[in-house]
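Here it is: the structure, laid out below.
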Amino acid sequence: MNFIVKNTTILNPLDLIAPHSCRGCGCLGTILCDCCKNNIIKQRSTPNLKNLPKKFPSVYTIDQRSGLLDTLIHDFKYNSTRALATKLAELLNASLPDFPPNSIVVPLPTVSQHIRARGLDHTLLLAKHLAKIRHLKVQKILIRNKNTVQVGANRKTRLAQAKSAYFISNKTKVDSNITYILLDDVWTTGASMKAAVKKLQQAGVSKIVVVLLAISSLDQ
Ligand SMILES: [Zn+2]
């Protein structure tokens, strides 16, 4: 009999034996050992994004989406491996410059169906961990319009959906003196982030930085 198993349900077999095993080398006791973490930091390159809009903020990322970093992001996002939030935040922290102490981390909102299906708002969790390391605040300034699901949509549809994907929460007053750190997991077409940046700029924010776990090599 054939069983079709969605990759969202696959568990690392080593996790059945030990609580965690390093996703890089398999050593037991941690989900990402210091050695594998340092290798990612040492080997990271700075991907160049092309065709960015004018006045687009600086973009910071750990690396291109490939190898172990890709495995970690996939595991975090689709297998809801919460323990990776800390490790990915540590990797981000090592990849970022200093920010003003009153900067605010703004997670790009995740599609609510995905949060329900995965049991985890991975971008918000990542934002909280990064903010904790940097002693910054997190604010959910951006709200996602419903019915803007990106997974599976083709590039053209995604670009069209992204333009109307976000609005600014009416509970929030943006401050033009504060740096807003817009955080998302992966830059694929960049459509979501471009739309989010535009929304904040239209609301009067001028100090924005863009932070991503990784950039898909497809879109460089
Ligand atoms: Zn390792």
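The values are calculated or read from the model by the stated rules, or taken from the named source; none is laboratory data. Just so it is clear, the structure is predicted and the values come from calculations on it, not from any experiment. Note that each Cβ is placed from the backbone with ideal geometry, even for glycine, and that neighbours are counted across all protein chains shown. With ligands, DNA and RNA removed, areas are computed over all heavy atoms of the protein, side chains included. Shrake-Rupley method; radii C 1.70, N 1.55, O 1.52, S 1.80 Å.
Longer than 23 Å from Cα to Cα, which of Lys173/Lys199; Lys54/Lys199; Lys55/Lys146 are they? Say none if no pair is.
Table pairs above 23 Å Cα-Cα are Lys55/Lys146.
In the Gaussian network model of the chain, springs joining C-alpha atoms below 10 Å, which of Ile208, Ile62, Ile41 carries the largest mean-square fluctuation?
Among Ile208, Ile62, Ile41, the largest mean-square fluctuation in the Gaussian network model of the chain belongs to Ile41.
Pairs of alpha-carbon atoms within less than 8 angstrom and 6+ residues apart define the contacts here; what relative contact order does the chain have, in percent?
Averaging sequence separation for qualifying contacts and normalising by length gives 23 percent for the chain.
Follow-up question, since we're still on this one. By how many nm would the segment from Lys132 to Asn39 lengthen if fully extended, with 0.36 nm per residue of separation less the alpha-carbon distance?
31.1 nm
For every helix of n ≥ 4 consecutive DSSP H residues, a contribution of -39,500 (n - 2.57) applies; sum these over the chain, divide by its total residues, and give [θ] at 222 nm rounded to the nearest 500 deg cm²/dmol.
About -10500 deg cm²/dmol.
Ok, one more. Towards the positive end of the charge dipole of the chain, with charges on Cβ (+1 Lys, Arg; -1 Asp, Glu), say which of Ser192, Val174, Leu124 has the farthest Cα.
Val174
I've got another one for you. Work out the length of the dipole vector of the chain about its Cα centre, built from +1 on the beta-carbon of each Lys and Arg and -1 on the beta-carbon of each Asp and Glu, and round it to the nearest 20 debye.
Using only the charged Cβ atoms, the result is roughly 880 debye.
Still on this structure, please answer the following. Please work out the average accessible area per residue across the chain, using the 1.4 Å probe convention, and give it in Å².
55
Another question, if that's okay. Calculated FRET efficiency, Ser66 and Ala160, Cβ-Cβ r, R0 30 Å, to nearest 0.05?
0.60
Whole angstrom only: what separates the Cα centroid of segment 93-132 from the Cα centroid of segment 25-88?
Segment 93-132 and segment 25-88 have Cα centres spaced 14 Å from each other.
So how much accessible area does His122 have, in Å² to the nearest 10, using a 1.4 Å probe?
That residue has around 10 Å² of solvent-accessible surface.
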